[in-house]
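Trainee: Questions regarding the structure given below will be posed in turn.
What follows is calculated from the coordinates using simple rules that are stated; it is not laboratory data. Computed from a prediction, not measured in an experiment: that's the story for all the values here. Positions of Cβ are generated from backbone atoms using ideal geometry, with glycine treated the same way; all protein chains shown enter the neighbour counts.
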Amino acid sequence: MAKTKTTFFCQNCGSQSAKWQGQCTSCKQWNTIAEEVIQKAEKATWDISQTNTSATIRASKPQKVSEISTNAEARINTKNKELNRVLGGGLVPGSLTLLGGEPGIGKSTLMLQIALQLPYKTLYVSGEESAQQIKMRAQRIHPNSEHCYILTETKTQHIFRNIAQMQPDIVVIDSIQTLHTDHIESSPGSISQIRETTTELIKFAKETATPVILIGHITKDGNIAGPKILEHMVDTVLQFEGDRNHVYRILRANKNRFGSTNEIGIYEMQGSGLREVSNPSEILLSKNEEELSGTAIASTLEGMRPLLIEIQALVSTAVYGTPQRSATGYNAKRLNMILAVLEKRAGFKLGAKDVFLNITGGISVDDPAIDLAVVAAVLSSNVDITIDKTMCFAAEIGLAGEVRPVNRIEQRILEAEKLGFESIVISKYCKLPKQTYGIQIIKLGKVHDVVKHLFA
């Protein structure tokens, strides 16, 4: 056994220093340097049974680019359409997936639900909850499962001993911050422990072609707790977002080596677990029988997925000297820009009026294609004239008052047609293929034309 050595690590960025100092030289954060004990011993492999590692490890040989096989990776179906979509088709054997999110958002619920539904032998390792707590949650989600095994353990050596005995097809770790290994003497959750335990899991996943899913906590800034190197080491980083006051959750891919990062998955939190929302436009549109002014429907894209969202605006005479400008779920600076365009190019005197804007459903949108719907909602509230509920909008507004085209307009048109809308307003500069749509397409070029079409 070699001599014990202490090193100082920054708990924020993971940088190493020889001595303690008040400020980290890399990330410039104060009071983040902590001393950790590192045992300079021989790094053991994840497999306890392997004593002579050099005999079992196969050396790689260089290959020509033309000789490399391009067969598609065989994927494991998770029986969850939303997760499959975000992952790019399912779990890749030997891959490491990291799932991060706020406390109480539903990370453990989602992973346990998937572990219970899988037809493969799945090992769910929990270092945060007892087996009884997991059992009560499992009875609520999916009472009968013959393939899911629960292990409450935090030491990696014990986990790998159980893995060697039962040979699972998929391993879920809840959470990576609770694991610790004997090779490092620092406390669980520290920079060294997270890095070492993740390295052991990566070796296990790659050598046995077993997919491993890690659950990670996040800091108050929204970043995954631990060193940034953790996100570099894994193959896929998923973010589970949402407000605990709302029932809907969004699953995004921040990094994906085996697929696109543009896809999103939407879930609804229920008492029996997370329900997949296959048509998110339905939850974002209100079911009002009566027609209301100040409401417009916009066609937007979340990644590669078209969504139709409802935009509400309220324009009223300013009570105080300075008019208020408030936007929920929308960029306030962009709202000010659109109001300036309406005042300068369309002649509407909105400078002395309060303007409030709200994106329904509790989501935030930064797609420029909803500009035209914002214009329509603001003008509708200003003149108190309702907009036809069967009409939606998809265009950007320029500073000259022109209606500009947006990308992937076909997908937006088809989504609006699918949901039963009768007309869609787009820019006249959009290039559409010569095909017939089941929805009326209205092409406009200026803000003046929009006002004439809606309120003439």
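Trainee: Would you mind classifying region 283-455 by shape? Square roots of the alpha carbon gyration tensor eigenvalues, ordered a ≥ b ≥ c; an a/c under 1.5 is rounded, otherwise it is prolate if a/b is larger than b/c and oblate if not.
Mentor: prolate
Trainee: I want to check the label-to-label distance for residue 207 and residue 229. Put each point 7 Å from Cα in the C-beta direction and report it in nm to one decimal.
Mentor: Label-label distance for residue 207 and residue 229, simple model: 2.0 nm.
Trainee: Oh, and also: Cα axis of helix 131-141 to longest principal axis of the chain: angle in degrees, 0 to 90, nearest 10?
Mentor: 30 degrees
Trainee: While we're looking at this one, here's another question. Can you give the helix-only mean residue ellipticity at 222 nm for the chain, where every DSSP H stretch with n ≥ 4 adds -39500 (n - 2.57) and the sum goes over all residues, rounded to the nearest 500 deg cm²/dmol?
Mentor: -7500 deg cm²/dmol
Trainee: How many lysine pairs does region 336-456 hold where the Cα atoms are under 20 Å apart and the two sit 8 or more places apart or on different chains?
Mentor: Eligible lysine pairs with Cα atoms under 20 Å apart amount to 17.
Trainee: Compute the Cα gyration tensor for region 76-276, then decide on rounded, prolate or oblate, letting a ≥ b ≥ c be the square roots of its eigenvalues: rounded whenever a/c is under 1.5, prolate when a/b is larger than b/c in the other cases, and oblate in all that remain. Can you show the working numbers first?
Mentor: Details: a/c = 1.33, a/b = 1.17, b/c = 1.14.
Because its axes are fairly even, with a/c under 1.5, region 76-276 counts as rounded.
Trainee: Quick one: angle between helix 191-208 and the longest Cα principal axis of the chain, in degrees between 0 and 90, rounded to 10, please.
Mentor: Orientation of helix 191-208: about 80 degrees from the principal axis.
Trainee: Remind me, relative contact order of the chain in percent, using alpha carbon pairs under 8 angstrom and six or more residues apart?
Mentor: Working: 928 pairs, mean separation 54.9, N = 456.
Averaging sequence separation for qualifying contacts and normalising by length gives 12 percent for the chain.
Trainee: Once both axes come from the Cα atoms, what is the angle between helix 332-345 and the longest principal axis of the chain, in degrees from 0 to 90, rounded to 10?
Mentor: 20 degrees
Trainee: Quick one: compute the contact order of region 185-307, relative version, from alpha carbon pairs under 8 angstrom and 6+ residues apart, as a percent.
Mentor: 14 percent
Trainee: Rounded to whole Hz and in sequence order, give me ³J(HN,Hα) for region 90-101 from the Karplus expression 6.51 cos²θ - 1.76 cosθ + 1.60, θ = phi - 60°, writing x for Gly and Pro.
Mentor: x, 7, 8, x, x, 8, 10, 10, 10, 10, x, x
Trainee: Moving on. Could you let me know the centre-to-centre spacing of region 337-405 and region 201-265, using Cα atoms, in angstrom?
Mentor: When both Cα centres are located, 36 Å separates them.
Trainee: Let me ask something additional. Can you check what the net charge comes to around residue 272, using other residues whose Cβ is under 14 Å from the Cβ of residue 272 (Lys, Arg +1; Asp, Glu -1)? Please report the intermediate quantities before stating the final value.
Mentor: On the way: positive: 137, 140, 275; negative: 268, 276.
Result for the local shell: +1.
Trainee: Next up: Suppose the chain between residue 77 and residue 185 were pulled fully straight at 0.36 nm per residue; how much longer would it get relative to their current alpha carbon spacing?
Mentor: The residue 77-residue 185 span can extend by a further 35.0 nm.
Trainee: Here's another thing I want to ask about it. Enumerate cysteines in the chain without a disulfide-compatible partner, where compatibility requires another Cys Cβ under 4.7 angstrom.
Mentor: So, 148, 392, 430.
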